[in-house]
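**Q** After the structure tokens below, expect a handful of questions from me.
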Amino acid sequence: MQDQKMEELEIMLGWECNNNCLFCSNSKLKEIAKKRGKEEVSLSDIKRQISRNKEKNIGILMLVGGEPTIRKDIFEIINFARKKGYARISMMTNGRMPSNIDFCRELLSNGLTDIGVSIHSHKAEIQDSLTRSPGSFRQTVKCLNNLNALGVRLVTNTVINKKNYKNLDKMVSFLA
């Protein structure tokens, strides 16, 4: 008997972010949502999606945003998903909030199993200029170090652009 591939569900937790990336794809989605009167994703809507889709035998839950970690109810969302029985609960983040080791521990203790971190350069000045958030590079690197120390399964995401494409080899070495 062949192993059955686990289905994945991606839930958008909102469009707000603590970065202001030059290449953000969510800014247009935020405008569209605002025009439709759906600027904010409510906790009850998120819980409804988590519950409804778990019944469809989906095993992997991916939480995305804007920036999921700036939601005040992020731990409650993760904990709720864990109680619903998802095999894996993942999140994409810019790594700024998880630069705090206690925040990382809280994510994990509530049920987060793995995480994707966006990092766009191996140099602070390039990363900070792309995110338009001074200090974002330092925080993201601290996040990566925290997750590594805690043994969390993680992946990185890099948006290739004219400010970083010439240094991709250095970026790979830096991340390794």
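**Q** Could you pull out every residue, at least 5 positions away or on a different chain, whose amide H is within less than 5 Å of the one on residue 59? Hs are placed 1.01 Å off N in the peptide plane, and Pro or chain starts have none.
**A** 7
**Q** Under the Kirkwood approximation for Rh and a Cα-based Rg, what ratio Rg/Rh is obtained for the chain?
**A** 0.98
**Q** With θ set to phi - 60°, apply the Karplus curve 6.51 cos²θ - 1.76 cosθ + 1.60 along region 93-98 and write out the HN-Hα couplings as whole Hz, x wherever there is a Gly or Pro.
**A** With coefficients 6.51, -1.76 and 1.60, one gets 9, 8, x, 6, 5, x Hz.
**Q** Let me ask you something else. Taking Cα atoms, how many degrees apart are the long axis of helix 136-150 and the longest axis of the chain, rounded to 10 and kept between 0 and 90?
**A** Value to nearest ten degrees: 50.
**Q** Counting only helical runs of four or more DSSP H residues, what would the 222 nm mean residue ellipticity of the chain come to if each run contributes -39,500 (n - 2.57) and the total is spread over all its residues?
**A** Details: 7 runs with 73 residues, N = 176.
Here the helix-only value at 222 nm equals -12500 deg cm²/dmol.
**Q** What share of all Cα pairs of region 78-153, in percent, falls into each consecutive 10 Å distance bin?
**A** Answer for region 78-153: a P(r) of 20, 47, 25, 8, 0 percent.
**Q** Need one number: nm distance between label points at residue 109 and residue 87, each 7 Å from Cα along Cα→Cβ, rounded to one decimal.
**A** My value for the distance between the label points is 2.8 nm.
**Q** Report, to the nearest 10°, how far helix 101-110 tilts away from the longest principal axis of the Cα atoms in the chain, using its own Cα long axis and a range of 0 to 90°.
**A** 20 degrees
**Q** Related question: Figure the gain on full extension for residue 161 and residue 25 (residue separation times 0.36 nm, minus the Cα-Cα span) and round it to one decimal in nm.
**A** Length gained between residue 161 and residue 25: 47.6 nm.
**Q** Could you work out how much longer the chain between residue 53 and residue 132 gets when fully extended? Use 0.36 nm per residue separation minus the Cα distance between them, nm to one decimal.
**A** Extra length from residue 53 to residue 132 when fully extended: 24.8 nm.
**Q** Relative contact order, percent, of region 51-144 when contacts are C-alpha pairs under 8 Å separated by at least 6 residues?
**A** Averaging sequence separation for qualifying contacts and normalising by length gives 28 percent for region 51-144.
**Q** Can I ask one more? Which residue fluctuates most in the GNM of the chain (Cα springs below 10 Å): 95, 111, 151?
**A** Of 95, 111, 151, the Gaussian network model singles out 151 as fluctuating most.
**Q** Once phi is turned into ³J(HN,Hα) by the Karplus curve 6.51 cos²θ - 1.76 cosθ + 1.60 with θ = phi - 60°, what whole-Hz value does each residue of region 75-88 show in order, with x for glycine and proline?
**A** Karplus-based 3J(HN,Hα) across region 75-88 equals 5, 5, 5, 5, 4, 4, 5, 4, 5, 7, x, 5, 5, 9 Hz.
**Q** Something else: Beyond 23 Å between alpha-carbons counts as too far, so tell me which of 47/72; 47/142; 56/83; 83/142; 142/162; 123/162 fall in that bin.
**A** Pairs exceeding 23 Å: 47/142; 83/142; 142/162.
**Q** Using DSSP loop states and a limit of at most 15 other Cβ atoms within 10 Å to flag trypsin sites (Lys or Arg not before Pro), what is the longest stretch of the chain containing no flagged site? Working shown, then result.
**A** On the way: sites that count: 5, 36, 38, 56, 72, 132, 162.
Free of exposed loop sites, the longest segment is 73-131.
**Q** Could you pull out every residue, at least 5 positions away or on a different chain, whose amide H is within less than 5 Å of the one on residue 117? Hs are placed 1.01 Å off N in the peptide plane, and Pro or chain starts have none.
**A** Long-range HN contacts for residue 117: 93, 155, 156, 157.
**Q** Using only Cα atoms, find the angle between the long axis of helix 26-35 and the longest principal axis of the chain, and express it within 0 to 90 degrees, rounded to the nearest 10.
**A** Compared with the principal axis, the helix lies near 50 degrees.
Rule-based calculations on the coordinates, nothing more; no lab input. Source: prediction; values computed, not measured. Every residue, glycine among them, receives a Cβ derived from its backbone with ideal geometry; neighbour counts consider all protein chains shown.
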